[in-house]
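Okay, so here's the structure we're looking at.
Quick note: the coordinates plus some simple rules give every number you see, no bench work behind them. Treat the numbers as computed from the prediction; the structure is a model and nothing was measured. Glycine gets a Cβ as well: all are built from the backbone with ideal geometry, and neighbour counts include every protein chain shown.
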Amino acid sequence: QSQFVESGGGLVLPGGSLRLSCVPSGFLLGLYHVAWFRQAPGKEREEIACISRSGASTHYPGSVEGRFTVSRDSDKIVYLQINSTRDEDTAVYHCATTLNYSYIDGCRPEYGHWGRGTQVIVAS
């Protein structure tokens, strides 16, 4: 089954930092743009970051206010750096691929290669 494998989640203190990773399994990452999503308990899934195929362009459609940074080693791995963590960052984080990207508003559906996600808990 072709999908991402996410890692790097865990328990972090408010104001802390975390780096999440997505590694492809069974597909060529370099062919796709990649988006990060998160889903908090009782809330809808939201897209929080998007990076173009080349890595040269990024987009942050949500309310992360400059605390999140997405990057990639083009065909090997995608990262999400989270700084100044807040309680509201508690969620399961997923990455997904897309073939559709706009330099105005970033990643667009359809999304694929969803992984199982990695859990982030921000708590003191």
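Worth a mention:
- Cα gyration tensor of the chain - equivalent ellipsoid semi-axes, whole Å, descending: 22, 15, 13
- Label point at S57 placed 7 Å out along Cα→Cβ; residues across the range 106-124 whose backbone nitrogen lies under 19 Å: 106-112
- Rounded, prolate or oblate (a/c below 1.5 giving rounded, otherwise prolate when a/b exceeds b/c) for the range 1-73 by Cα gyration tensor: prolate
- The Cα-based radius of gyration and maximum Cα-Cα distance (Dmax) for the range 43-94 are 11.5, 32 Å.
- Shown is the FRET efficiency for S71 and S124, computed with R0 = 25 Å from the Cβ-Cβ distance and rounded to the nearest 0.05: 0.35.
- The range 59-92 residues near the modelled F27 label - backbone nitrogen below 15 Å, point 7 Å along Cα→Cβ: 75-78
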